[in-house]
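Working notes, beginning with the structure itself.
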Amino acid sequence: MVAAVASTDPRRRARLLKAMGVTPWRLRSGPDAASAAMGEAMPASPMAMETDAVCVVVIPAGCDERQLELIGRALRATGPQLARAARLEAGQGGLGVVPVARAYLVFGEAQAHALGHDLPAAVMSAADIVLVDEPARIVAEPGAKRRLWNGLRTLRRALAAG
């Protein structure tokens, strides 16, 4: 049975795995260790570096379980690129090290200021940054939910175009 499933075309395999509820994972490879050992120079521009991060989500610190669940469901509903997006919490000390990505989804103005403080200007000018309401407001107000969906749609279009 295993040999029969393995020998089929990839579309059928993906359809069968989806029907069984299995999410296939793929190992990502980092920078080549041999080139790092040879001492190759790093690129001068932060955007010239290759990165696996397509999108980074910035949320406020201290979100409760209901707010985190809402964020997770919204991201999963928009596709695998956003469902697997890295999530950073903006606390009192800011964000710290922010990975370079093509797009940033920011929940709240305070988190946008923290992102602007910790992200280099060259990265900010090249990336798509979408600002939506804070999670507490999204849970409470229907208008905030609408703005969240509009922001996610804008982000998904930007990622598809890039």
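Bear in mind these aren't lab numbers, they're just calculated from the coordinates by the rules spelled out. Bear in mind that the values here come from a model prediction, so they are computed numbers and not experimental data. Quick reminder, even Gly has a Cβ in these numbers, built from the backbone with ideal geometry, and neighbours come from all protein chains shown.
Values as computed for the structure displayed
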| quantity | calculated |
| --- | --- |
| Spans of helices (runs of 4 or more DSSP H) in region 97-162 with at least 1 residues surrounded by fewer than 17 Cβ atoms within 10 Å (Cβ to Cβ), touching an Asp or Glu at 6+ places or on another chain (Cβ under 9 Å) and acidic (Asp, Glu) | 109-118 |
| Region 53-97 - residue that is of a type in the set (Lys, Arg) and within 15 Å of the chain's Cα centre (by Cα) and, of those, nearest to LEU119 (Cα to Cα) | ARG87 |
| Sole exception among (1) in a helix (DSSP H, G or I); (2) of a type outside the set (Asp, Glu); (3) closer than 20 Å to ARG66 by Cβ for ALA90, by number | (1) |
